[in-house]
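**Student:** Take a look at this one; I'll ask things after.
The values are calculated or read from the model by the stated rules, or taken from the named source; none is laboratory data. Keep in mind the model is a prediction, meaning the values are calculated, not measured. Cβ: placed from backbone, ideal geometry, glycine included. Neighbour counts: every protein chain shown. Calculation scope for accessible area: heavy atoms of the full protein, side chains included, ligands and nucleic acids excluded. Shrake-Rupley method; radii C 1.70, N 1.55, O 1.52, S 1.80 Å.
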Amino acid sequence: MTLAESDAIELLSRGQIEIEGRLVDASNTTLRAEITLDGLTRRCVYKPVRGERPLWDFPDGTLAGREVSAFLVSQATGWDVVPPTILRDGPLGPGALQLWIDEPDDAESLIGFVPAYDVPPGWLPVANARDDDGDAYALAHADDPRLARLAVFDSIINNADRKGGHVLYPATGTIHGVDHGVSFHIENKLRTVLWGWTGKSLIGEAGEVLAKLAAELDGSLGESLEQHLTVTEVQHVRLRVRRLQRSGRFPKPPQDWPAIPWPPV
């Protein structure tokens, strides 16, 4: 059963957390847990601040707050591209708590490496590559409006790590992005596999969403973000929104920063 967003936030905020184990592929301490409230049990992801690996370009102990900030922006867009996420105390201290998203066994990714000579119809190539045998492949993604929303969202939050594996495909037909700890930097650090729309016009619905964000960033959204980000970082969210409004186009890759994360998928 799918939880309403308000019910999910209530569960994450007040539920009893029981850790199941660690997700070993994550670079920071990332734990899967069960959370229970009033007889309702769901899984969640718990990222304690004390388990964050120091980074040279992000202040220590701020990644959990950036995860929460990404959800707040997602919530304001109305696009539901980030699962419900809050900041609360857990068994290992304060951390980000995010609702676990189940994917069906037959979920089909819309991002990946495909033979360079056989890019699927409706897919957009991003970069060229070769395997160990020298065969040519293309990193590509579907020309899908759900991914386009995510690309706009990543441009707003300045996501430095949009890998293909950070995109989830639940049975509901929606698409969720996860792992937003390295976002909201004041320098342009956009690094993503979703460059297929580079320089093209934004999706039609983006105009209304950006206008809504611009207004809310000067009000309640801006105030909420300032609980997790610096005033300067929130100001740069405003600047990125305005830049997208002025250009009306998907951004181009940065020239002084690796444009694609590694590994990409």
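**Student:** What residue, among those in segment 37-61 that are free of Cβ contacts under 8 Å to residues at least 12 places away in the same chain and closer than 20 Å to Gly93 by Cα, is surrounded by the fewest Cβ atoms within 10 Å (Cβ to Cβ)?
**Tutor:** Among those residues, the one meeting the criterion is Pro54.
**Student:** How many residues does segment 37-66 contain that are assigned to a strand (DSSP E or B), within 20 Å of the chain's Cα centre (by Cα) and farther than 18 Å from Gln227 by Cβ? Don't jump to the end; show me each part of the working.
**Tutor:** Quick first cut of segment 37-66, residues assigned to a strand (DSSP E or B) only: 37, 40-48.
Restricting the remaining residues to those that are within 20 Å of the chain's Cα centre (by Cα) gives 43-48.
If we keep only those that are farther than 18 Å from Gln227 by Cβ as well, we get 43-46, 48.
Qualifying residue count, segment 37-66: 5.
**Student:** Which of the residues that make up segment 187-205 are in a loop (DSSP other than H, G, I, E, B) and more than 17 Å from the chain's Cα centre (by Cα)?
**Tutor:** Here is the first cut: in segment 187-205, the residues in a loop (DSSP other than H, G, I, E, B) are 187-191, 193-200, 202-205.
Across segment 187-205, the qualifying residues are Glu187, Gly196, Trp197, Thr198, Gly199, Lys200, Leu202, Ile203, Gly204, Glu205.
**Student:** Sticking with this one: Does Leu221 count as under 23 Å from Gly248 (Cβ atoms), within 18 Å of the chain's Cα centre (by Cα), assigned to a helix (DSSP H, G or I) and aliphatic (A, V, I, L, M)? Break it down into steps so the answer makes sense when it comes.
**Tutor:** Working: under 23 Å from Gly248 (Cβ atoms): yes; within 18 Å of the chain's Cα centre (by Cα): yes; assigned to a helix (DSSP H, G or I): yes; aliphatic (A, V, I, L, M): yes.
So Leu221 fits the description; yes.
**Student:** Identify, by number, the condition in (1) hydroxyl-bearing (Ser, Thr, Tyr); (2) under 19 Å from the mean Cα position of the chain (by Cα); (3) exposed (fewer than 15 other Cβ atoms within 10 Å of the Cβ); (4) modelled with pLDDT of 95 or more that Ser247 doesn't meet.
**Tutor:** (2)
**Student:** I would also like to ask the following. Scan segment 154-169 for residues that are open to solvent by 20 Å² or more (accessible area, probe 1.4 Å) and in a helix (DSSP H, G or I) and jot them down. Talk me through it step by step, then tell me what you get.
**Tutor:** Residues of segment 154-169 open to solvent by 20 Å² or more (accessible area, probe 1.4 Å): 161, 163, 165-166, 168-169.
Answer for segment 154-169, where residues must be open to solvent by 20 Å² or more (accessible area, probe 1.4 Å) and in a helix (DSSP H, G or I): Gly165, His166.
**Student:** Quickly run through segment 67-106 and pick out the residues that are open to solvent by less than 60 Å² (accessible area, probe 1.4 Å), over 22 Å from Val49 (Cα atoms) and part of a loop (DSSP other than H, G, I, E, B).
**Tutor:** Trp79, Val81, Pro104
**Student:** Taking only pairs six or more apart or across chains, which ones have beta-carbon atoms under 8 Å, a first residue in segment 106-134 that is free of Cβ contacts under 8 Å to residues at least 12 places away in the same chain, and a second residue that is among the hydrophobic types (A, V, I, L, M, F, W, C) and outside any loop (DSSP other than H, G, I, E, B)?
**Tutor:** Going by the 8 Å Cβ cut-off, the qualifying pairs are Arg130/Ala136.
**Student:** Of a type in the set (Lys, Arg), farther than 20 Å from Glu233 by Cβ and either open to solvent by 50 Å² or more (accessible area, probe 1.4 Å) or touching a residue at least 12 places away in the same chain (Cβ under 8 Å) (or both), is that true of Arg191? Break it down stepwise before answering.
**Tutor:** Numbers: of a type in the set (Lys, Arg): yes; farther than 20 Å from Glu233 by Cβ: no; either open to solvent by 50 Å² or more (accessible area, probe 1.4 Å) or touching a residue at least 12 places away in the same chain (Cβ under 8 Å) (or both): yes.
Taking the combined requirement at face value, the residue does not satisfy it.
**Student:** Oh, and also: Within segment 108-124, how many residues are surrounded by 15 or more Cβ atoms within 10 Å (Cβ to Cβ) and part of a strand (DSSP E or B)?
**Tutor:** We begin by selecting, within segment 108-124, every residue surrounded by 15 or more Cβ atoms within 10 Å (Cβ to Cβ); these are 110-114, 116, 123-124.
After this cut, where a residue has to be part of a strand (DSSP E or B) as well, the list is 111-114, 123-124.
Number satisfying all stated conditions: 6.
**Student:** How many residues does segment 206-218 contain that are exposed (fewer than 15 other Cβ atoms within 10 Å of the Cβ), of a type in the set (D, E, K, R) and assigned to a helix (DSSP H, G or I)? Let's see the steps before the verdict.
**Tutor:** Narrowing segment 206-218 to residues exposed (fewer than 15 other Cβ atoms within 10 Å of the Cβ): 207-208, 211, 215, 218.
Keeping just the survivors that are of a type in the set (D, E, K, R) gives 208, 218.
Cutting the leftovers down to assigned to a helix (DSSP H, G or I) gives us 208.
Residues flagged as exposed (fewer than 15 other Cβ atoms within 10 Å of the Cβ), of a type in the set (D, E, K, R) and assigned to a helix (DSSP H, G or I) within segment 206-218 amount to 1.
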